[in-house]
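Written out below as structure tokens is the structure these notes cover.
Please treat every number below as a calculation from the coordinates, not as lab data. Quick caveat, the model's predicted, so the values are computed rather than measured. Note that we place each Cβ from the backbone using ideal geometry, even for glycine, and neighbour counts take in every protein chain shown.
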């Protein structure tokens with residue numbers, strides 16, 4: 001992952017900082033990179049254990065990608081009020097999807113453990 005100053009070679013600005021931390025698909029710390037990685041992992045889990053819904057992050061990912069085009073780096077950041085609120089809402093929806101996945105995984109795990117045979121010791 002490259003640093004902000006290395007990539008942009010200027011002082012920090014809101015839009016370029018968002019570009020690096022939210023939309024950069026090559027930056028392992030960016031939101032989009034993490035969402036894509038989670039989606040890949042959940043698809044594998046779904047194949048192996050079946051109780052995880054694949055594609056749960058598709059809408060959140062599409063919303064984030066669509067917002068990137070509304071935040072052009074040519075305009076001053078003050079003109080982005082509505083787009084920034086939309087970004088905040090998209091990140092909230094993403095957080096809700098993460099909570100859903102967490103609840104689903106927890107429920108599936110404990111249902112599996114509770115279904116274990118009585119003679120099997122679960123620690």
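Just grab the label-to-label distance for residue 68 and residue 95, each label 7 Å out from Cα along the Cβ direction, in nm (one decimal).
My value for the distance between the label points is 2.3 nm.
Using the number of other C-beta atoms within 10 angstrom as an exposure proxy, rank 57, 110, 33 with the fewest first.
Values: 57 22, 110 10, 33 17.
Ranked by crowding around the Cβ, least crowded first: 110, 33, 57.
Arrange the peptides 60-66, 25-31 so that the one whose residues have, on average, the most other Cβ atoms within 10 Å appears first.
Numbers: 60-66: 16.7, 25-31: 14.1.
Averaged packing, sorted descending, gives the order 60-66, 25-31.
Using a Förster distance of 35 angstrom, determine the FRET efficiency expected from the C-beta separation of residue 48 and residue 21, and round it to 0.05. Mind dumping the intermediate values first?
Numbers: r = 32 Å, r/R0 = 0.90.
Efficiency, rounded to the nearest 0.05: 0.65.
Put a dot 7 Å past each Cα toward the Cβ at residue 59 and residue 40; how far apart are the dots in nm?
Taking the two extended label points, one gets 2.5 nm.
Provide the FRET efficiency to the nearest 0.05 for the residue 84-residue 6 pair, computing r from the beta carbons and using R0 = 25 Å.
On the way: r = 25 Å, r/R0 = 1.01.
Given R0 = 25 Å and the Cβ-Cβ separation, E is 0.50.
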